[in-house]
Amino acid sequence: MACLTMTISVLVVACGDATTVPATPAVQPGTADSPREVNLITKDYSFLPDVLDLVPGETVLLHVINGGLEVHEAILGDDAVQAAWESAEAATIGSPPGPTPAVSVAPQVRGLRVVVRSGERVDVTWTVPSATAPWSVGCHIPGHLARGMIIPIRWVDRP
């Protein structure tokens with residue numbers, strides 16, 4: 001029984017709020033000449049890692065890999081960006097099966113959108129905005145966000 005109690009205690013400590021735990025290993029910010037490689041894996045219906053660490057102003061080479069069976073997207077942005085894409089994608093409900101229909105948001109909507117088909121990897125070089133308002137990564141293909149396909153972005157200080 002003592003082993004079980006210790007195991008549960010360790011799990012509780014290890015599963016704290018992911019946004020308050022420091023990035024591991026320490027993040028070395030990317031530059032325009034040497035972007036930091038960042039992997040983001042989409043699955044049916046989740047992202048890995050479960051928190052995306054970014055440094056404001058850094059340049060990253062974002063590898064978005066779809067390990068699921070369905071088309072997914074990674075929308076990186078604040079709440080306004082997420083709401084804009086959720087609204088745009090909602091207009092596609094009832095579309096016939098197949099590729100994701102072409103959708104767009106107003107030009108002033110910032111953020112980044114990457115669409116990946118099953119088994120595909122899309123690479124994007126991107127300079128992370130300097131603002132540190134709360135951001136997240138979401139998939140707004142109809143029904144995906146409702147199934148939990150959203151993770152926070154954790155802003156990491158420069159070393």
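None of the figures in this text is laboratory data; all of them are computed from the coordinates on show. Everything quoted here is computed from the prediction, not taken from an experiment. Backbone-built Cβ (ideal geometry, glycine too); neighbour counts: all protein chains shown.
Say each of residue 108 and residue 158 gets a label point 7 Å from the Cα, pointing the same way as Cα to Cβ; how far apart are those two points in nm?
Here the modelled spin labels are 3.0 nm apart.
In nm, give the distance between the simple-model label positions of residue 93 and residue 43, each being 7 Å from the Cα along the Cα-to-Cβ direction.
Using points 7 Å along Cα→Cβ, the separation is 2.7 nm.
Using a 7 Å offset from Cα along Cα-Cβ at residue 86, what residues in region 134-159 end up with backbone N under 15 Å from the label point?
Label zone hits: 135-152.
Please give the net charge around residue 92, taking every other residue with its beta carbon less than 12 angstrom from that of residue 92, where Lys and Arg add +1 and Asp and Glu add -1.
-3
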